[in-house]
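First up is the structure itself, then whatever we jot down about it.
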Amino acid sequence: MNISRIRNAFPILQRRNYLNSCSLGALSDRAEERLHDFVARWHEYGASAWYEHWWGLLGDLRGRVEALFAAPAGTVALMPSTSACLAAISSSLDWTKRNRIVTTELDFPTLLYQWKVRPDAEMVVLQSPDGVHIDPQQFADAVDDRTLAIATSHVFFTTGTIQDLAAIAAIARRAGACSIIDGYQGAGQIPADLPATGVDFYTAGPLKWLCGGPGLAYLYVRDELIPTLEPTITSWFASQDQFDFNAGEFRYHADARRFELGTPALATVHTALGGQEIIDEVGMEAIRARNVMLTDRLVDGCRAAGFSPRVSDEPASRSAVITVRHPDPAPAVAHLAHRGIIVDNRPGVVRASPHFYNTADEIDAFLEALGETVR
Ligand SMILES: Cc1ncc(COP(=O)(O)O)c(C=O)c1O
């Protein structure tokens, strides 16, 4: 990995110590150039740009995301948001025989709200024994013949703990339920061969670790499942015969596009492709290895300075989302910002999330400034 070349591609790194990729991945000059191309073609060709350029880019992006997931062609749909993915998934499931969703208190709220608002849904919300992780056995104990789905995260946004997707998928499958994985905090930082894990649905997006900006989400659906699902919120993008413009007939698209919900955010398609190109060039294994190096340094440094990071005891289950218990997180984050270090706070914690483009020196500068907040 040529770290100085990579760093040069992300202008914010020349100005700030940017350690907040779990919130918003840094913007690369490659993504910015793509955005300029979008605007230039819009000026130059107007709607004709669709046929010459933009339509093809939708296919390019789906293809790159499929490759990222080691998934076959036709298994990824472009969606507006994780929440929209969940709504479309929910509408495609048969709620008449099973209505129980097993989820956890560590998942992102939108993953729970989806079922909370359904009067016919029953939720089982697993509680974490240590506030950091959920044991796979807890899922196994919670599923039964009324369970429609296990809905949980690849990486918990709260604690950064990586879950064992293959174990969760197998537990759901054995119970006759499906597995719905919120991969927003996983994709781009943790390598994943989704077909090998056996998960049924996996949602992600370019916003965070994929450095592609806000406005899009990705929905992976297991190959064999696709023809059996008919979402009841839909759009012309989900139609096999999209350009027949025949309002009298609707046939689902043969592939995962049957989940798509209308014209995707084209500006984000451009920035997402710019970010994805860099992620693909660096490679997921190299990104993971570098993030492990940076986060080990961060966790060890916090402990040496007397802080208590809220992370998994198992190093292999740790991701680059690191929350550090702090008596006064909001002023601490403001102090760090004053020092040019961008992190975030959540109740009771300062949260830092380095990515492959960060350096050991930046971690050390963060540790130094964090120490100042309690001295
Ligand atoms: C784990 C996780 N899921 C989902 C989201 C966002 O959901 P949506 O795309 O619906 O805004 C986030 C953060 O923004 C997240 O951290």
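The values are calculated or read from the model by the stated rules, or taken from the named source; none is laboratory data. Note that this is a predicted model, so its numbers are computed, not measured. FYI the Cβ positions are ideal-geometry reconstructions off the backbone, even for glycines, and counts take in every protein chain you see. The area values use the complete protein model at the heavy-atom level, side chains included, leaving out ligands, DNA and RNA. Shrake-Rupley method; radii C 1.70, N 1.55, O 1.52, S 1.80 Å.
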field: Check on Leu58, open to solvent by 50 Å² or more (accessible area, probe 1.4 Å), of a type in the set (A, V, I, L, M), away from the ligand (no atom under 16 Å from the Cβ) and in contact (Cβ under 8 Å) with a residue 40 or more places away in the chain
entry: no
- request: From (1) open to solvent by 20 Å² or more (accessible area, probe 1.4 Å); (2) not in a loop (DSSP other than H, G, I, E, B), pick out the condition that doesn't hold for Leu207.
  value: (2)
query: Name the residues in region 270-308 that are of a type outside the set (A, V, I, L, M, F, W, C), open to solvent by less than 10 Å² (accessible area, probe 1.4 Å) and over 30 Å from Leu58 (Cβ atoms), would you?
result: Thr295
statement: Of the residues in region 183-198 that are of a type outside the set (Phe, Trp, Tyr) and within 15 Å of the ligand (Cβ to nearest atom), the one that is surrounded by the fewest Cβ atoms within 10 Å (Cβ to Cβ) is Ile190
field: Pair list, Cβ under 6 Å, 6 or more apart: region 360-375 residue within 12 Å of Gly301 (Cβ to Cβ) and charged (D, E, K, R), other residue modelled with pLDDT under 95 and crowded, with 19+ Cβ neighbours inside 10 Å
entry: none
message: Quick check on Ser90: is it over 18 Å from His154 (Cα atoms), within 15 Å of the ligand (Cβ to nearest atom) and of a type in the set (Ser, Thr, Tyr)?
response: yes
- line: Of the residues in region 126-157, those that are more than 16 Å from the ligand (Cβ to nearest atom) and either part of a loop (DSSP other than H, G, I, E, B) or among the β-branched types (Val, Ile, Thr) (or both) number 10
query: Quick one: is Ala70 touching a Gly at 6+ places or on another chain (Cβ under 9 Å) and either over 21 Å from Thr263 (Cβ atoms) or outside any loop (DSSP other than H, G, I, E, B) (or both)?
result: no
